[in-house]
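**Student:** Encoded as structure tokens, here's the structure I'll be asking about.
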Amino acid sequence: MRIDSFRAPLAVAWQLTRRCDLACVHCLTESGPHCCGPEELSKEDCLRIARECVACGIPYVILTGGEPALSPHFLDLAETLGRGGVWLKVETNGQRFGPAAAERLAKLPIRSVQVSIDGAAQGPYARLRPGADLQAALDACRTVRRLGMPLEVTFVPTAFNLGEAKAVIDLAVDLGAFRFNTGRLIRMGRADRRWEGLSPSQDEYQILYSILLRKEAELAGRMELCFRPFSAEEQALQEACEPSGTLVVLPDGKVLAAALSDQVCADLRHESLTEAWAAYRRVRRDPGSKKNGFAAGRKPAVARSGDGAR
């Protein structure tokens, strides 16, 4: 495999916490206001892992959650990584992404800040994100751009908001985003429990895909539309053919064998990042292996988003 020639991961997708100020109906990780538990890594463990990322020369770390801004270690961790030369992506719902935190992040090598916007109007947006304020998310986007950081917008399509897709794409352009992310709703977490009423029909997905193709051509050179692979199944097949080399780290330090896998290949509470990378490569050579402490039973995670789309 290509990854056999790499001495370290190409990236780390790190779920800092399952705590979130929202309890979105489509959340993959079932995060929420009361989800932070004693099993989450301590500040000391987080900073140790961050220093290992720097020492290993990992070029890129994604900080996600839950809501990463609610982790008490978020900014210290980001600064340890960034000052060590690691490029960062921060995935946030934008509700608590204020100027003070943004100004600290803007001094670091930020690859992008990704804000989830599931509607161009408050009604459909709040239907998926009860209690959320669309204006707060838009203000977060504008703060990101004002401070010179690259902005991504993510849109999760459901039966409630599919008609908002074109308007949110146009809104992302107006906000100065360089990338718009979307894809089929993934059947995990809260989305799984509400699947029958939440998932768009195949015909609705075809309409969305046509819109994406049309807007991709229209916006070429202005904003990238990222929607391939379109489904979790396509992503899993792609990963099976060519592993991404991204370690997905859960809030308790467990490392997944793949973004859409429930197989744990390492535990950073007790193992080094170098050991975790070796374990990842072993399990990718033999995905059915249960040797060396590999275990199933974890809830799947997605490296590119904490919401219901990749």
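The values are calculated or read from the model by the stated rules, or taken from the named source; none is laboratory data. Keep in mind that this is a model prediction, so the values were computed, not measured. In this analysis, Cβ positions are derived from the backbone assuming ideal geometry, glycine residues included, and neighbour counts consider all displayed protein chains. Note: accessible area is taken over every heavy atom of the protein model, side chains too, but ligands, DNA and RNA are not part of it. Shrake-Rupley method; radii C 1.70, N 1.55, O 1.52, S 1.80 Å.
**Student:** Does at least one position in region 120-143 carry a residue that is of a type outside the set (Val, Ile, Thr) and under 30 Å from Gly57 (Cβ atoms)?
**Tutor:** no
**Student:** A follow-up question, please. Tell me, yes or no, whether region 180-187 has at least one residue that is open to solvent by 30 Å² or more (accessible area, probe 1.4 Å), modelled with pLDDT of 95 or more and either of a type outside the set (Asp, Glu) or closer than 24 Å to Ala13 by Cβ (or both).
**Tutor:** Looking only at region 180-187, we keep the residues that are open to solvent by 30 Å² or more (accessible area, probe 1.4 Å), and these are 184, 187.
Remaining after also requiring modelled with pLDDT of 95 or more: 184.
Those left that are additionally either of a type outside the set (Asp, Glu) or closer than 24 Å to Ala13 by Cβ (or both): 184.
Taking every residue of region 180-187 in turn, at least one turns out to be open to solvent by 30 Å² or more (accessible area, probe 1.4 Å), modelled with pLDDT of 95 or more and either of a type outside the set (Asp, Glu) or closer than 24 Å to Ala13 by Cβ (or both).
**Student:** Here's something else I'd like to know. Scan region 141-150 and tell me whether some residue there is in a strand (DSSP E or B) and either open to solvent by less than 10 Å² (accessible area, probe 1.4 Å) or of a type in the set (Ser, Thr, Tyr) (or both). Spell out the reasoning first.
**Tutor:** So the first thing to find is which residues in region 141-150 are in a strand (DSSP E or B), and the list is none.
The answer is no; no qualifying residue exists.
**Student:** Scan region 211-220 and tell me whether some residue there is modelled with pLDDT of 95 or more and either of a type in the set (S, T, N, Q) or touching a Phe, Trp or Tyr at 6+ places or on another chain (Cβ under 7 Å) (or both).
**Tutor:** Scanning region 211-220 turns up at least one residue that is modelled with pLDDT of 95 or more and either of a type in the set (S, T, N, Q) or touching a Phe, Trp or Tyr at 6+ places or on another chain (Cβ under 7 Å) (or both).
**Student:** Take Gly32 and decide whether it is open to solvent by less than 10 Å² (accessible area, probe 1.4 Å), farther than 20 Å from Leu273 by Cβ and under 17 Å from the mean Cα position of the chain (by Cα). Spell out the reasoning first.
**Tutor:** Working: open to solvent by less than 10 Å² (accessible area, probe 1.4 Å): yes; farther than 20 Å from Leu273 by Cβ: yes; under 17 Å from the mean Cα position of the chain (by Cα): yes.
For Gly32, the condition - open to solvent by less than 10 Å² (accessible area, probe 1.4 Å), farther than 20 Å from Leu273 by Cβ and under 17 Å from the mean Cα position of the chain (by Cα) - is met.
**Student:** Identify all residues within region 47-91 that are open to solvent by less than 10 Å² (accessible area, probe 1.4 Å), out of contact with any Gly (no Cβ under 8 Å at 6 or more places or on another chain) and of a type in the set (Val, Ile, Thr); write none if there are none.
**Tutor:** Ile58, Val61, Val86, Val90
**Student:** I'd like the full set of residues that are touching a helix residue (DSSP H, G or I) at 6+ places or on another chain (Cβ under 6 Å), open to solvent by 20 Å² or more (accessible area, probe 1.4 Å) and of a type in the set (Lys, Arg), limited to region 188-220.
**Tutor:** Matches in region 188-220: none.
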